[in-house]
1. Starting from the exponent 0.38 and prefactor 2.2 Å, build the expected Rg for chain A from its residue count and divide its actual Cα Rg by it.
2. Show me the three semi-axes of the equivalent ellipsoid for the protein assembly as shown, from the C-alpha gyration tensor (sqrt of 5 times each eigenvalue), largest first, rounded to whole Å.
3. Take every residue in peptide B:34-42, count the Cβ atoms of other chains within 10 Å of its Cβ, and give the average of those counts.
4. What pairs from A:Lys102/B:Lys24; B:Lys21/B:Lys170; B:Lys21/B:Lys161; B:Lys131/B:Lys162; B:Lys24/B:Lys170 go past 29 Å between their alpha carbons?
5. How big is the gap, in Å, between the Cα center of segment A:29-50 and the Cα center of segment B:55-121?
6. Across the residues of B:46-58, average count of Cβ atoms on other protein chains within 10 Å?
7. Helix-only estimate, please: 222 nm mean residue ellipticity of chain A, summing -39500 (n - 2.57) across DSSP H runs of length 4 or more and dividing by its residues, to the nearest 500.
8. Which whole-number percentage describes the relative contact order of segment B:99-168, with Cα contacts under 8 Å and a sequence gap of 6 or more?
Amino acid sequence: MVLPIQILLLVFLLFAISRVYLRAREGALRFGEILFWASIFALAIVGVVDPKFTNFLAVQLGIGRGVDLVLYLSIVLLFYLIFRTNVMLEDTRHEITKLVRKIALEEKKDKPHKKKKK
Amino acid sequence: MKTLIIIPAYNEASVIFTTLKELKAFLAKAYAADILVVNDGSTDATVDEAARAGVAVVTHILNRGLGGAIGTGLAYARKHKYELAVTFDADGQHEPNDIPTILEPITAGRADVVIGSRFADPSKEMPLDRKVLLRISNLLTYILFGAYTTDSLSGFRAFNKKAINGIEIKTERMEVSNELFSEIKRLKLRLSEVPIRVIYTDYSRSKGQTNTNGINIVFKLLLRLFR
């Protein structure tokens with residue numbers, strides 16, 4: 001029997017995969033990123049369609065229930081993605097600083113104030 | 001030697017003119033150096049006040065933080081082929097008389113970078129919260145960058161040409177003070193410390209490291225280390 005939550009999750013995951021496909025077609029994602037996101041969503045679809053699959057994996061890893069495995073993996077993944085986002089944000093800040101610096105130095109037309117040595 | 005005094009400034013309109021006037025008066029009689037104010041996107045009259053004092057000013061169109069401003073000062077020093085650079089706070093907490101002292105280890109050929117250490121002067125008692133923050137920062141600098149210093153957060157520093165040309169600052173905000181030590185280690189620069197005097201006022205305390213941004217600094221440093 002198919003539960004309503006399974007239908008909702010499936011619709012969302014198919015939507016997510018379609019976004020990955022569209023971004024890939026635009027060239028906005030690198031090959032590794034396409035593979036990463038497609039695998040994540042494909043695995044999630046398998047887990048939604050056949051919840052026993054996650055139970056099977058959970059038992060192999062020494063975790064009781066499939067849903068616990070999904071939660072653990074989701075938390076780890078979220079932490080990692082937050083970390084990557086922070087790194088990207090730092091890189092962007094650094095690029096902005098370089099740009100601001102370049103403008104500041106190019107706009108400086110006056111010669112530095114000089115003092116004669118005594 | 002061709003020397004540049006770099007003064008990072010963000011919204012320092014109320015004090016910068018006095019600081020620059022005292023600095024210029026000292027330089028006129030004791031040490032030949034140029035002054036550069038790096039206006040870090042101030043929204044007050046910092047630029048006008050600096051210009052009134054008759055010093056060179058470069059302006060960041062956006063506020064980039066202390067690290068960004070020091071980086072711009074060093075880039076300016078590289079561009080104009082300065083042999084020595086000194087970073088000096090705009091809030092008047094540093095003594096111009098200490099400039100020759102901080103440059104002495106470099107001119108004597110003993111150091112490439114000199115830190116003006118507030119901790120080495122027992123005559124001026126540092127507020128307790130500052131002392132604790134400083135100790136944590138020193139420890140962090142040692143753990144993350146392997147460099148031991150008594151004052152990792154000092155804004156009074158001197159660099160020779162090798163340091164000016166080699167140091168690349170990647171952090172934008174207050175964590176630059178710790179990152180400088182990582183650069184000193186990477187470039188195998190000789191580090192020295194000299195005691196300096198500091199004048200703590202309510203104004204200078206409100207402008208410097210706040211105790212609450214310590215956690216943010218630790219996070220940023222770890223992020224850069226593990227990226």
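1. Values: Rg = 24.8 Å, N = 118, 2.2 N^0.38 = 13.5 Å.
Against the compact-globule rule of thumb, the ratio is 1.84.
2. On the way: eigenvalues 524, 102, 62 Å².
The three semi-axes for the protein assembly as shown are 51, 23, 18 Å.
3. Details: counts 5, 3, 3, 0, 2, 1, 2, 2, 0.
Average neighbour count from other chains, rounded to a whole number: 2.
4. On the way: A:Lys102/B:Lys24 27 Å; B:Lys21/B:Lys170 32 Å; B:Lys21/B:Lys161 27 Å; B:Lys131/B:Lys162 32 Å; B:Lys24/B:Lys170 31 Å.
Correct reply: B:Lys21/B:Lys170; B:Lys131/B:Lys162; B:Lys24/B:Lys170.
5. Distance between centres, Cα-based: 51 Å.
6. Details: counts 0, 0, 0, 0, 0, 1, 0, 1, 1, 3, 6, 5, 8.
Across B:46-58, the average partner-chain Cβ count within 10 Å equals 2.
7. Working: 4 runs with 94 residues, N = 118.
Using -39500 (n - 2.57) per qualifying helix, the result is -28000 deg cm²/dmol.
8. Details: 63 pairs, mean separation 29.1, N = 70.
That works out to 42 percent.
Read-outs: derived from the displayed coordinates by stated rules, not from any lab. If you're wondering where the values come from, they're calculated on a predicted model, not measured in any experiment. Cβ: placed from backbone, ideal geometry, glycine included. Neighbour counts: every protein chain shown.
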